[in-house]
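Input: a single structure, listed below in structure tokens.
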Amino acid sequence: MLFKTNSFELDIPSPQSISSLLELLSSQFPSLRDPTLANMLGLSLNGRRVPREEWERTLVEEGDKIEIFNAIVGG
């Protein structure tokens with residue numbers, strides 16, 4: 001499966017869990033390993049937010065659209 005972002009492409013085996021994909025991406029984007037940032041990440045798969053507790057068992061397959069964003073909290 002070809003993972004694409006703004007100016008980056010990574011060819012990875014498919015299917016891949018969200019957790020595994022983030023681990024692979026952290027080799028190219030080391031800031032993803034920062035615990036503070038990692039705890040603030042949110043993610044959607046094909047337009048549906050995926051809770052962190054589902055990342056290990058949710059598979060990403062060829063053609064899926066993933067959005068990674070900073071979760072914003074406040075009151």
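We did not get these values from a lab; they are worked out from the coordinates using the rules stated. Because the structure is a prediction, the values reported are computed rather than measured. Cβ: placed from backbone, ideal geometry, glycine included. Neighbour counts: every protein chain shown.
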By how many degrees, between 0 and 90 and to the nearest 10, does the Cα long axis of helix 18-28 differ from the longest principal axis of the chain?
90
If amide hydrogens are placed 1.01 Å from N in the peptide plane, which non-local residues have theirs closer than 5 Å to the one on Gly42?
Phe69, Asn70, Ala71
May I ask you to evaluate 6.51 cos²θ - 1.76 cosθ + 1.60, the Karplus curve with θ = phi - 60°, for each residue of region 44-50 and list the ³J(HN,Hα) values in order in whole Hz, giving x for glycine and proline?
10, 10, 6, x, 10, 5, 10
Please list, in chain and number order, the residues 5+ apart from Val60 or on another chain whose amide H is under 5 Å from its amide H, with Hs placed from the backbone.
Gln16, Ser17, Ile18
For region 52-69, list residues with backbone N below 13 Å from a point placed 7 Å from the Cα of Phe29 toward its Cβ?
66-69
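Rule-of-thumb check for region 2-70: C-alpha Rg over 2.2 N^0.38 Å? Each step should come with its number before you reach the end.
Details: Rg = 11.3 Å, N = 69, 2.2 N^0.38 = 11.0 Å.
Relative to the 2.2 N^0.38 Å estimate, region 2-70 comes out at 1.03.
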